[in-house]
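Working notes, structure below.
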Amino acid sequence: MLGVAVGGTAILLSKIGGKIYAMDAVCSHMSGYLPRGELRDHTVVCPVHKAQYDIETGKVLKNVPALMKLLMHKEATDVKTYEVKVVDNAVLLKV
Ligand code: FES
């Protein structure tokens, strides 16, 4: 995984099986920086409270624990994904 900034937006790039995916790099729960997390198959795990996101859709696959939701009054929500094209070894993102 790699974190980049495109037009002022922090983006997480992930490469799986030769394909590159792009999604917001900041966790929707409490702003954990997802490039510092883990990539497990097609799932990104936030390094802070371990919410999990689908790398292709940005959907939350596993939210923070219920007690944490209750204490922080906030849960993880889906993050935005971006269209990726590779042209002559350059990665192009539509943001
Ligand atoms: S900041 Fe990512 S799960 Fe809390």
Problem set entry | Pairs from LYS50/LYS74; LYS62/LYS94; LYS50/LYS85; LYS19/LYS74; LYS15/LYS85; LYS74/LYS94 whose Cα-Cα separation, in the structure shown, is over 21 Å | LYS62/LYS94; LYS50/LYS85; LYS19/LYS74; LYS74/LYS94
Exercise. If you plug each phi of region 68-84 into the Karplus form 6.51 cos²θ - 1.76 cosθ + 1.60 with θ = phi - 60°, what whole-Hz ³J(HN,Hα) values come out, in order, with x for Gly and Pro?
Worked result: 5, 4, 5, 6, 9, 6, 7, 10, 6, 10, 4, 10, 7, 10, 10, 6, 10
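Which number do you get for Rg(Cα) / (2.2 N^0.38 Å) in the chain? List each step's numbers first, then the result.
Details: Rg = 13.4 Å, N = 95, 2.2 N^0.38 = 12.4 Å.
Against the compact-globule rule of thumb, the ratio is 1.08.
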For this session: Using the Cα centre as the reference, give the magnitude of the dipole from point charges on the C-beta atoms of the chain (Lys, Arg: +1; Asp, Glu: -1; all else neutral), rounded to the nearest 20 debye.
Result: 140 debye
For this session: For region 11-17, take each phi angle, set θ = phi - 60°, evaluate the Karplus expression 6.51 cos²θ - 1.76 cosθ + 1.60, and give the result in whole Hz per residue in order, putting x for glycine and proline.
Result: 10, 9, 9, 10, 10, 10, x
Problem set entry | Sum of -39500 (n - 2.57) over DSSP H runs of 4+, divided by residues of the chain (222 nm, nearest 500) | -2000 deg cm²/dmol
For this session: Hey, can you grab everything whose amide H is under 5 Å from the amide H of ILE16? Only 5+ residues off in sequence or another chain; H modelled, so Pro and N-termini drop out.
Result: TYR21
For this session: Let me have the relative contact order for the chain, percent, based on Cα pairs under 8 Å that are six or more residues apart.
Result: 22 percent
For this session: List the residues whose amide H sits under 5 Å from the amide H of ASP78, counting only those 5 or more places along or on another chain, with H placed 1.01 Å from N in the peptide plane.
Result: VAL60
Problem set entry | Among VAL79, VAL95, ALA5 - extreme Cα towards positive end, dipole of the chain, charges at beta-carbon | VAL79
Seminar exercise, completed: Any residue on another chain or 5+ positions along whose placed amide H is under 5 Å from the amide H of VAL26 is listed here as LEU34
Exercise. Per-residue HN-Hα couplings for region 23-29, Karplus 6.51 cos²θ - 1.76 cosθ + 1.60 at θ = phi - 60°, whole Hz, x for Gly and Pro?
Worked result: 8, 3, 8, 10, 5, 6, 6
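Throughout, read-outs are computed from the coordinates displayed, never taken from laboratory work. From a predicted model like this one, the values you see are computed outputs, not experimental measurements. Note that we place each Cβ from the backbone using ideal geometry, even for glycine, and neighbour counts take in every protein chain shown.
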